[in-house]
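The values are calculated or read from the model by the stated rules, or taken from the named source; none is laboratory data. This is a predicted model, so every value here is computed, not measured. Cβ placement follows ideal geometry from the backbone for every residue including glycine, while neighbour counts extend to all protein chains displayed. Surface accessibility is based on the protein's heavy atoms, side chains included, excluding ligands, DNA and RNA. Shrake-Rupley method; radii C 1.70, N 1.55, O 1.52, S 1.80 Å.
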Amino acid sequence: MARRVLHDQYFKQAKAEGYLARSAYKLTELDERFKLIRKGSRILDLGCAPGSWLQVAAERVGESGVVVGIDLKRVDAKLAPQVATLVGDIEQTAPEALTELAAGLFDLVLSDMAPNTSGHGDDLVSARLCRRVLALLPGLLAPGRGLAMKILEGQEYPGVLRETKRLFRDAQGFKPKASREVSSEMYIVGKGYAGPAQREAGTGGDAG
Ligand SMILES: C[S@@+](CC[C@H](N)C(=O)[O-])C[C@H]1O[C@@H](n2cnc3c(N)ncnc32)[C@H](O)[C@@H]1O
């Protein structure tokens, strides 16, 4: 049973198509549904290891784009020249360390970060990571641009969604088909970032 679940359709497809993880199809689905990635875009991928979102993002931005990734773990795979990665903890990383690799603010911030443990309270850790992402946005994301971040559904999910809505023109939750049915993961997608002024005005003040 566990073997059957592990080697599902997306796992086999990822192996056949040369992606580092089945998660690749979650990003392709998010992009197809929300039109997040454009040729030439600057994309930040938080929690990027082993690197399948970096692969998908690099294909979609093309050689004129930039993809920057950060993870607690090193990304060992050889990736396209438009990809740069850092090892680091997002809870202790300053936005400048990321924007300097892209020479500017990003057009899209992605986060597939998930707690490394799998036990009681993972949803709370996930919500904390999401709030860290929201708090970093003023130093990372260009006004008008987008966000897609994973959250494990739990008691904090409605609050994080509400906080994201305050910062974006539109924000909603989405569960890709490629997410395992048993998983509590959802993605919060925001489009039309209001920019730092919105936070300073107090309308997004509890997002950090
Ligand atoms: C589900 S994996 C990401 C998979 C990736 N999107 C891919 O397609 O290859 C989640 C990642 O989040 C990373 N992570 C968790 N907490 C983090 C933190 N505080 N800072 C940076 N990365 C973190 C983990 O190390 C893990 O590699």
### Query
Under a plain spin-label model, where a point goes 7 Å from the Cα along Cα-to-Cβ, how far apart in nm are residue 91 and residue 142?
3.2
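Can you give the local net charge around residue 191? Use residues other than it whose beta-carbon is closer than 12 angstrom to its beta-carbon, Lys and Arg +1, Asp and Glu -1.
Values: positive: 33, 35, 145, 165, 169; negative: 107, 170.
Spelling it out: positives minus negatives among the neighbours equals +3.
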### Coarse-grained scattering of the chain at q = 0.07 Å⁻¹, given as base-10 log I(q)/I(0) from a Debye sum over alpha-carbon atoms
-0.19
### Query
Pick from 78, 165, 175: which is most flexible by mean-square fluctuation in a GNM of the chain where alpha carbon atoms under 10 Å apart are linked?
78
### Message
Within 12 Å, Cβ to Cβ, of residue 23, how many net charges do the neighbouring residues add up to if Lys/Arg are +1 and Asp/Glu are -1?
### Response
0
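Which entries in the list 73/175; 12/35; 26/191; 26/165; 12/175 go over 24 Å, if you measure between the two C-alpha atoms of each? Please list the in-between numbers first.
On the way: 73/175 26 Å; 12/35 26 Å; 26/191 18 Å; 26/165 22 Å; 12/175 21 Å.
From the list (73/175; 12/35; 26/191; 26/165; 12/175), the Cα-Cα distance tops 24 Å for 73/175; 12/35.
For residue 59 and residue 11, compute 0.36 nm times the residue count separating them, minus their Cα-Cα distance, and round to one decimal in nm. Before the final figure, lay out the partial values.
Numbers: separation 48, 0.36 × 48 = 17.28 nm, distance 1.95 nm.
This chain segment gains 15.3 nm when fully extended.
Hey, if we sort 96, 163, 156 by accessible area with the 1.4 Å probe, largest down, what's the order?
In descending accessible area the options line up as 96, 156, 163.
Using alpha-carbon pairs under 8 Å, 6+ residues apart, how would you state the relative contact order of the chain in percent? Walk me through the numbers before you get to the answer.
Details: 396 pairs, mean separation 35.6, N = 208.
In percent, rounded to a whole number, it is 17.
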### Query
Once the other residues with Cβ under 13 Å from the Cβ of residue 86 are scored (Lys, Arg +1; Asp, Glu -1), what is the net sum?
-3
### Task
Return the whole-Å distance between the Cα centroid of region 62-82 and the Cα centroid of region 8-26.
18
